[in-house]
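Trainee: Let me begin by handing over the structure; questions about it come next.
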Amino acid sequence: MESKNIDRLNILLIVISLLLAYKIPFELFLFSYAFLGPLHYLTEINWLKERNYFIKTKDWIWTFVLFGIVISVPLLLSLPWFKFIYDIEIVKNFLKELNTSSNVILLTALFFSIGLVFLKELKYTLPFLIISLLVSYFILKYISFSIVLVSVFLPTIIHVYLFTLLFMLFGAIKSKSTPGYIGVALLALIPLVITFGNVHPEQYILSQHTQDNFIASGFHSLNFSLADLLKNSKEESFSLLSILGIKIQIFIAFAYTYHYLNWFSKTSIIGWHKGTSKTRLVSIAIIWLASISFYLYDYRTGIIVLFFLSFLHVFLEFPLNVVSVKGIAESLFKKQK
């Protein structure tokens, strides 16, 4: 009964998130990403740790930590505080090399997660990591569209929308909850609702502060990529405040906001707070408040400082995503039999 009540709550949260996204798509995204995002990262990482990250051994989880460091260090050193280091020619060239490897790292992390979930013998883990690295390199080198798919969509829309949808479906299958299935169907229909819904660009007036923060976040590149995918729009001709631009931002704001709310709504079921010491809970609260402070001080600074934590939680969630897909596939296979 508790599970069904949570599913009913999530249906309501989908509707609320969509209404807010329609009303204030840019402001809602900026608020959700800065205020809800860091708390989501911290609590989910803590929960995944308690669940052994859904892999057979914790030892290999340090691979994801290393991946997160490699991806985040170049951006972190671009902060004015580290300018004296960033300006060193050798360091600058090294950071450029790290930047070019970020896409390979992302895809390698996803493939490696599959191995960590499915491999029965740990002696095959290192060879699988090497194979994942090589396969990722060749995919990104020879399949042109894979670069955008991995670099832009995998850590953003695929993570917050598609993986959330699969996670909910897996939960509904396990609980056999009718409201759970309704929530999944409703979430799956949201892109169509936004596509065929009416928007009036003249109603969306952005303050200079909102515009500056949105551009500083770097997420406008996601809007451009989605526009290019949908309408083959070129960046120089695409407007964030066009009908297409607003609809894209409504979807992005909805996806991120609901992704976070979905996580927090399931606190009593997932139990990320259970078994956590008061010291750790206080630490989470302090880091969360510090994170918000960085965003309030300067939005781009907040993005950069929290970059490692945001990507780490994406990496650490990959095994859970694999487990969800595996569970859904097994359920479908059993029904066919």
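Trainee: Looking at I292, I287, I250 in this structure, which one is out of contact with any strand residue (DSSP E or B) (no Cβ under 8 Å at 6 or more places or on another chain), surrounded by 14 or more Cβ atoms within 10 Å (Cβ to Cβ), modelled with pLDDT of 95 or more and farther than 28 Å from G68 by Cα?
Mentor: Working: I292 fails: farther than 28 Å from G68 by Cα; I287 fails: farther than 28 Å from G68 by Cα.
Answer to the selection: I250.
Trainee: T156 - would you say it is more than 22 Å from L36 (Cβ to Cβ) and assigned to a helix (DSSP H, G or I)?
Mentor: Numbers: more than 22 Å from L36 (Cβ to Cβ): no; assigned to a helix (DSSP H, G or I): yes.
Here the answer is no, as T156 does not meet what is asked.
Trainee: Tell me the helices (runs of 4 or more DSSP H) entirely within the stretch 242-319 that contain at least 1 residues that are of a type in the set (D, E, K, R) and under 28 Å from I61 (Cα atoms). Please lay out each step first, then the result.
Mentor: On the way: elements: 243-265, 267-270, 278-297, 299-305.
In the stretch 242-319, the matching helices (runs of 4 or more DSSP H) lie at 278-297.
Trainee: Does I194 satisfy the condition of being among the β-branched types (V, I, T), modelled with pLDDT of 90 or more and under 27 Å from L75 (Cα atoms)?
Mentor: Numbers: among the β-branched types (V, I, T): yes; modelled with pLDDT of 90 or more: yes; under 27 Å from L75 (Cα atoms): no.
Here the answer is no, as I194 does not meet what is asked.
Trainee: Continuing with this model, one more query. If I filter the stretch 35-45 for residues that are closer than 30 Å to K120 by Cβ, of a type in the set (F, W, Y) and either surrounded by fewer than 18 Cβ atoms within 10 Å (Cβ to Cβ) or touching a helix residue (DSSP H, G or I) at 6+ places or on another chain (Cβ under 7 Å) (or both), do I get at least one hit?
Mentor: Looking only at the stretch 35-45, we keep the residues that are closer than 30 Å to K120 by Cβ, and these are 44-45.
So of that shortlist, the ones also of a type in the set (F, W, Y) come out as none.
No, that holds for no residue.
Trainee: Working carefully through the options L206, L240, L244, find the one that is crowded, with 17+ Cβ neighbours inside 10 Å, modelled with pLDDT under 95 and under 21 Å from I303 (Cα atoms). Before the answer, list the steps.
Mentor: Details: L206 fails: crowded, with 17+ Cβ neighbours inside 10 Å; L244 fails: under 21 Å from I303 (Cα atoms).
Among L206, L240, L244, only L240 is crowded, with 17+ Cβ neighbours inside 10 Å, modelled with pLDDT under 95 and under 21 Å from I303 (Cα atoms).
Trainee: In the list L110, L149, which residue meets the criterion of being surrounded by 15 or more Cβ atoms within 10 Å (Cβ to Cβ), modelled with pLDDT of 95 or more and under 25 Å from the mean Cα position of the chain (by Cα)?
Mentor: L110
Trainee: Checking the conditions here, which among L28, L12 is crowded, with 19+ Cβ neighbours inside 10 Å, in a helix (DSSP H, G or I) and either touching a residue at least 40 places away in the same chain (Cβ under 8 Å) or out of contact with any helix residue (DSSP H, G or I) (no Cβ under 7 Å at 6 or more places or on another chain) (or both)?
Mentor: Numbers: L12 fails: crowded, with 19+ Cβ neighbours inside 10 Å.
Within the list L28, L12, the selection yields L28.
The values are calculated or read from the model by the stated rules, or taken from the named source; none is laboratory data. Since the model is a prediction, treat every value here as computed from it, not as a measurement. Here Cβ is always computed from backbone atoms with ideal geometry, including for glycine, and neighbour counts include all displayed protein chains.
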